[in-house]
Structures are given as C-alpha cells and as structure tokens.
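Have a look at the structure below, then the notes.
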Amino acid sequence: MSEADETYGLLSETSSIDETRNPARQRHLPARAALDWLQAGWRDLLVQPGLSLSYGIVVFIITALLAWALFAAGRDYILFPAIAGYMIIAPVLAIGLYEKSRTLEAGEHPTLRTMLLVRPQAGAQIFYTGLMLCLLMLLWNRAAVLIYALFFGVRAFPGLDGVVAMLLTTPAGWGMLIVGTLIGGLFAAFGFAISVFSIPMLLDQRTDALTAMGTSMAMVWNNLTPTIAWGAIVLALFAASAVTGFLGFIVIFPLLGHATWHAYRAMR
C-alpha cells in the first residue's frame, strides 16, 4: 500500500470516529429513547427527592406569581402564549436539576448548595443564551398580540371566560386559531430546537452560546423521531401542570429537568 493510500485510510477512519462521537451526527436513536430518558430522570428524582422537589416548589411559586401578575395587570390575554413561551426558557431554569444529574452521574453527592450555585463550564455564555431565549419568548408574545389585533381589531379581550366562545363560534376566531397555531408552532419548534440541549451543553462543555444553540438544533434535526416524541411528552406534562394550577410543576418540572440531562448525554 502506498503512503497516499495509508494517509487516505487514516483520514477516513478518523472521520468515521468523529462522526460517531459528534452528537450532531448521530441519527440512530429510536423513538422509545424518549421513554428511557424519562425513566432515567425519575431515578434521579428519587435520589434525595427533597432536593428536586424543593426546586420544583420554587419553580411553582415563580410561575404562580407570574400568572397572578398578568391577571393583576389586566394582561390575561397573553397568558396562553406566555405559558407556551415558558417552555422555551424552562431549560435555563432547570440548570440546577442538570447539575444534580451530572453530580449523580459522576458518583458524587449532590447538595442544595451545588444545585443553586452552579458553575457552568461555559461561564457567562449560559446567561447570554438565557437572554436570547427570553427575547424569543417576548417576540412570540408580541406576535400573539399582533395576530389577535389582525383578526379582531381593537376589540377588547373578553377574558378567559369568553375567549372559548369567541374563538369557536366566529369565523374570525377560527381564522385566528388556524393562523395562530401555525405561527405559534414555528416559534415553538425553533425555540425547542435551540434550547433543549444548549443549556446542558453549556453546563458540561466550554463553548459559546451560538455554538451550543446551533449544535442543539443539529441534534434535534438529526434525531427527529426521539426528539419529537420527547417534545410531545414535555408538552403533555406541561399541559397537565397547567390544568392543576401549576401545582404539577412541583414534581413534573424536576422530572423533565433530570430527563433532559439524560437526553443530552444520550446524544453526546
């Protein structure tokens, strides 16, 4: 074999190894992997459950206060898009849960202090990511208000009691539902793709915010089946929490936080 052939063979082998190790290139995870992540998250929650449940209680209190503030300010018309946008920034709020799962994975002993005083490998980049996700959520809320104005003009929002009848019994309401669902779906898909794995990555690796969000999107794109299944699970559990007046967040938020860490590790 010539020297050129040996060099080509070495490069091909290296490329193959990189493709296996690069999380953005993995395309073989089955749909049931989402259930495996959920199961692993439940195991982490049961280890020193007081830590995770305390975290969930804090998230519940924050969420309840935000909902109360919207009603008190007469902004209840953005409650639904706000709840939907909340799913975008949830990975930022869950960083302490990722830290607990990372600590357990390393065979160490998690404490409330380590969960609250997290030191990400990426440093301040995680705050830049959080800021961009917050801006995306605000943009989503503004789009929701504009869509309402396009279909109903300056008509006052009828409140949560009358909104169902307004949407389902008028042509403008059906139009708003269809258009709003399509546009909201685009925001949700984009927000989910750039946020779901970027925060765990910034906790775990020294990288920048844009690289983390881009890699998260690549992970989602190259593993569509399990990530769509995971997104459906997250949506269903968030809806269940909303139905319970957000009380479900006390258990569901820690469960999803721990499970997301395992989802990230499965693709890494």
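The values are calculated or read from the model by the stated rules, or taken from the named source; none is laboratory data. Note that this is a predicted model, so its numbers are computed, not measured. Virtual Cβ from ideal backbone geometry, glycine too; neighbours counted across all protein chains shown.
Data table
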{"read-out": "Whichever residue in the range 24-43 is among the charged types (D, E, K, R) and surrounded by fewer than 16 Cβ atoms within 10 Å (Cβ to Cβ) and, among such residues, is nearest to GLY107 (Cα to Cα)", "value": "ARG43"}
{"read-out": "Single condition LEU247 does not satisfy, out of (1) at pLDDT below 90; (2) part of a loop (DSSP other than H, G, I, E, B)", "value": "(1)"}
{"read-out": "Residue check for THR169: surrounded by fewer than 16 Cβ atoms within 10 Å (Cβ to Cβ), of a type in the set (Ser, Thr, Tyr) and closer than 30 Å to THR260 by Cα", "value": "no"}
{"read-out": "Some residue of the range 102-115 being surrounded by 13 or more Cβ atoms within 10 Å (Cβ to Cβ), out of contact with any Phe, Trp or Tyr (no Cβ under 6 Å at 6 or more places or on another chain) and closer than 18 Å to PHE187 by Cα", "value": "no"}
{"read-out": "Members of the range 44-56 that are surrounded by 14 or more Cβ atoms within 10 Å (Cβ to Cβ) and in a helix (DSSP H, G or I)", "value": "ASP44, LEU45, LEU51, SER52, LEU53, SER54, TYR55, GLY56"}
{"read-out": "Test: residue in the range 73-89 that is assigned to a helix (DSSP H, G or I), modelled with pLDDT of 85 or more and not hydrophobic (A, V, I, L, M, F, W, C)", "value": "no"}
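Residue-by-condition table, conditions (1) surrounded by fewer than 16 Cβ atoms within 10 Å (Cβ to Cβ); (2) without any contact (Cβ under 8 Å) to a residue 60 or more places away in the chain; (3) of a type in the set (Phe, Trp, Tyr):
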| position | (1), (2), (3) |
| --- | --- |
| VAL145 | yes, no, no |
| ALA165 | yes, yes, no |
| ALA189 | yes, yes, no |
| LEU203 | no, no, no |
| LEU210 | yes, yes, no |
| MET213 | no, no, no |
| PHE238 | no, no, yes |
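Conditions (1) farther than 21 Å from PRO30 by Cβ; (2) surrounded by fewer than 22 Cβ atoms within 10 Å (Cβ to Cβ); (3) free of Cβ contacts under 8 Å to residues at least 24 places away in the same chain, marked per residue:
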{"position": "VAL220", "(1), (2), (3)": "no, no, no"}
{"position": "ILE233", "(1), (2), (3)": "no, yes, no"}
{"position": "VAL251", "(1), (2), (3)": "yes, yes, no"}
{"position": "LEU256", "(1), (2), (3)": "no, no, no"}
{"position": "THR260", "(1), (2), (3)": "no, no, no"}
